[in-house]
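This report concerns only the one structure given below.
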């Protein structure tokens, strides 16, 4: 129980216009992990975060933060949470440092100049501290939002699409920063539709689609469980069709490259069939000039899950 | 209670006043001062006196009350509407702040802005008309109470408004006419009986009368009735706001 920092039970949300954003969501976030919530646009990611943080009202179900209900004990639960919203919503006339100071005040904390300085330096914003926000670039505004979210020294940090509009270099800096926070004991929940981001960062991954949790698992397990490997064999001579001797194997000819045949297999299986395949190729008198294997990415896994949920 | 949070909302909103000093303070002061220069000193000298006070002095409490009402209302309504418009209202909604703390923070900031404006107008009026205040403590109490009530009213409008058009609607179409017809420039017994009776339904009339009693010790209605009418407005707005924050109407989706 102490290991669960957030518990979402049977949470549903129907918006005033009648659209069902979330349906009976059950989700547990463990203390100290980086949890990535993946899903296509409109899947309900932001709604789910909004309800946990108290800016969207739920229709039914409950959210427990460190065992306390987020509506009844809102003062306690909100003081544990920092939120980096998706929208760049900032008071554009305020200087950076004021924005952070006010945010700390809203949470009932006394001013802490050392913390503000540390956070601004970590975000490479210290030299911009007196600059009005309207003069900042999009990437800097995103970092101001992160800085704001850290002002109450949260145990739980929500990052809603943190790398939207952020360039590659900055994205890597941000990932580094998130890892540092995790190492200090902060639990991180991030939503993204950049699969790469989840693959890079997450300990566990939840996939949400059409307001339902399609799957939650450890990233490694998910990759192993669903990850297929593809063996690509480059032949000396191009093939028009698969020879009868190889018909027993699940082979395809790479359409764009007729020299290549592709064999997809489960890397975790007891018998991958590779030895038998190679023997059969020898029997069919084909000559292999090169070979290569690739692991399917989280992106492919994600697409296949979303496809499956569409078909079901 | 999250006192620091409440104070931070107050501080942020009140500091905003100085950022837009010209628009927020100077412009209402100038427009009000113009009224008593033109109506009070220039035209008023032809009118003589109302009761025991000169006409130039007679209109001062009404003009101050109109400034308090319009400025406390516009400060709170534009303050909260702006936060909603740019999305930063989630900063206070996701913070450990109750509706009472949020509303009080905004209301105190708007009230303070209105009182600053009211004080400046009073000082200028004093220089022009040498006006003295019969009941200074009551006047200050009544000015603060009315400013808070209209700050709450402004918050309901700011939360309710879905665009700038709606935000401007209530002050322009309802508040300004009610203020002008609420007896700033005349005593109600100067009106024909029909208009006298109609004025009794104008809430602003009681507020102007209340402050006028504070200034001169005499007015169209008693200070108790005036205070009661302000309290009614205050309580009604507080109930509406409580309901809005409870249900999330126009605040949370």
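For this structure, a couple of remarks:
- Selection count, segment B:120-145, where residues are out of contact with any helix residue (DSSP H, G or I) (no Cβ under 7 Å at 6 or more places or on another chain) and in a helix (DSSP H, G or I): 7
- Pairs, first surrounded by 18 or more Cβ atoms within 10 Å (Cβ to Cβ) in segment B:134-152, second part of a loop (DSSP other than H, G, I, E, B), C-beta under 8 Å, six or more apart: B:139/B:133
- Selected residue (only one of A:66, A:94, A:90 is more than 8 Å from every other protein chain (Cβ to nearest Cβ) and within 17 Å of residue B:89 (Cα to Cα)): A:94
- Flag for residue A:18 being in contact with a helix residue (DSSP H, G or I) (Cβ under 7 Å, 6 or more places away or on another chain), within 14 Å of chain B (Cβ to nearest Cβ), in a loop (DSSP other than H, G, I, E, B) and at positive phi: no
- Complete set of residues in segment A:229-255 that are out of contact with any helix residue (DSSP H, G or I) (no Cβ under 8 Å at 6 or more places or on another chain) and in contact (Cβ under 8 Å) with a residue 60 or more places away in the chain: A:229, A:230, A:232
- With respect to being surrounded by 22 or more Cβ atoms within 10 Å (Cβ to Cβ) and closer than 29 Å to residue B:244 by Cβ, residue A:14 falls outside the description.
- Filter pass, residue A:222 being closer than 18 Å to residue A:285 by Cα, in contact with a helix residue (DSSP H, G or I) (Cβ under 9 Å, 6 or more places away or on another chain) and surrounded by 15 or more Cβ atoms within 10 Å (Cβ to Cβ): no
- Test: residue A:157 is within 14 Å of chain B (Cβ to nearest Cβ) and surrounded by 20 or more Cβ atoms within 10 Å (Cβ to Cβ): yes
- Looking only at segment A:40-58, and only at residues there that are away from chain B (no Cβ under 11 Å) and in contact with a strand residue (DSSP E or B) (Cβ under 7 Å, 6 or more places away or on another chain), the one that is surrounded by the most Cβ atoms within 10 Å (Cβ to Cβ): A:48
- The strands (runs of 3 or more DSSP E) found wholly in segment A:127-236 and carrying at least 2 residues that are under 20 Å from residue A:39 (Cβ atoms) occupy A:156-160, A:187-192, A:204-209, A:212-218.
Residue-wise test of (1) more than 14 Å from every other protein chain (Cβ to nearest Cβ); (2) more than 27 Å from residue B:226 (Cα to Cα).
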{"site": "B:37", "(1), (2)": "yes, yes"}
{"site": "B:40", "(1), (2)": "yes, no"}
{"site": "B:44", "(1), (2)": "yes, no"}
{"site": "B:53", "(1), (2)": "yes, no"}
{"site": "B:67", "(1), (2)": "yes, no"}
{"site": "B:74", "(1), (2)": "yes, no"}
{"site": "B:81", "(1), (2)": "no, yes"}
{"site": "B:106", "(1), (2)": "no, no"}
{"site": "B:118", "(1), (2)": "yes, no"}
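- Residue that is surrounded by the fewest Cβ atoms within 10 Å (Cβ to Cβ) [pool: residues in segment A:107-131 that are under 14 Å from residue B:11 (Cβ atoms) and without any contact (Cβ under 8 Å) to a residue 12 or more places away in the chain]: A:110
- Checking each residue in segment A:21-34 for being assigned to a strand (DSSP E or B) and on the phi < 0 side of the Ramachandran plot picks out A:21, A:22, A:23, A:25, A:26, A:27, A:28, A:29, A:30, A:34.
- For segment A:69-87, taking the residues that are without any contact (Cβ under 8 Å) to a residue 40 or more places away in the chain and facing chain B (nearest Cβ under 7 Å), the one that is farthest from residue A:45 (Cα to Cα) is identified as A:75.
- In the set (1) in contact with a strand residue (DSSP E or B) (Cβ under 8 Å, 6 or more places away or on another chain); (2) buried (at least 23 other Cβ atoms within 10 Å of the Cβ); (3) within 14 Å of chain A (Cβ to nearest Cβ), the condition left unmet by residue B:5 is number (1).
- Of all the residues in segment A:196-211, those that are surrounded by fewer than 17 Cβ atoms within 10 Å (Cβ to Cβ) and out of contact with any helix residue (DSSP H, G or I) (no Cβ under 7 Å at 6 or more places or on another chain) number 1.
- Positions within segment A:48-68 being assigned to a helix (DSSP H, G or I) and touching a residue at least 60 places away in the same chain (Cβ under 8 Å), in sequence order: A:48, A:49, A:52, A:53
- Candidate set from segment A:160-178 (those that are in contact (Cβ under 8 Å) with a residue 40 or more places away in the chain and in contact with a strand residue (DSSP E or B) (Cβ under 9 Å, 6 or more places away or on another chain)); member that is surrounded by the most Cβ atoms within 10 Å (Cβ to Cβ): A:162
- Only one of the numbered conditions (1) surrounded by fewer than 22 Cβ atoms within 10 Å (Cβ to Cβ); (2) part of a strand (DSSP E or B); (3) at pLDDT below 95 is violated by residue A:37, and that is (1).
- For segment B:216-253, filtered to residues that are within 14 Å of chain A (Cβ to nearest Cβ) and assigned to a helix (DSSP H, G or I), the residue that is farthest from residue B:101 (Cα to Cα) is B:247.
- Residue in segment B:8-28 that is farthest from the chain's Cα centre (by Cα), counting only those that are surrounded by fewer than 19 Cβ atoms within 10 Å (Cβ to Cβ) and more than 14 Å from chain A (Cβ to nearest Cβ): B:22
The values are calculated or read from the model by the stated rules, or taken from the named source; none is laboratory data. In this text, all values refer to a predicted model and were calculated from it rather than measured experimentally. Neighbour counts are summed over all protein chains in view; Cβ atoms, including those assigned to glycine, are modelled from backbone coordinates with ideal geometry.
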